[in-house]
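Quick note: the coordinates plus some simple rules give every number you see, no bench work behind them. Computed from a predicted structure; not experimentally measured. Note that we place each Cβ from the backbone using ideal geometry, even for glycine, and neighbour counts take in every protein chain shown.
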Amino acid sequence: MATSNGWFAVRPSGTEDVYKFYAESLKSKEHLIQIQKEANAIIDSLLN
């Protein structure tokens, strides 16, 4: 998922029973933390 100020992506691992999570903010570390929190909420709602 991407916006003008950051993005995140999630994919299943090819070697482990986990999902890989990637995120980047183009603004600040605080903004990255917010992206991570919002992404976790979206992922939790999809998987649970």
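Structure data summary
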quantity	calculated
Percentage relative contact order, the chain, counting C-alpha pairs under 8 Å, at least six apart	30 percent
Within straight-line cross-link reach of Lys29, aspartates and glutamates at Cα separation under 16 Å, skipping those fewer than 8 residues along the same chain	Glu38
Computed magnitude of the charge dipole of the chain (debye, nearest 20; Cβ of K, R +1, Cβ of D, E -1)	160 debye
Sparse-neighbour loop sites [GluC sites (Glu not before Pro); the stretch 8-44; at most 14 other C-beta within 10 Å; DSSP]	Glu16
The stretch 2-47: equivalent-ellipsoid semi-axes (sqrt of 5 x gyration tensor eigenvalues, Cα, Å)	21, 12, 8
Distance (nanometres) between label positions extended 7 Å along Cα→Cβ at Ser13 and Glu38	2.8 nm
Around Ala9: net Lys/Arg minus Asp/Glu count, Cβ-Cβ under 13 Å	+1
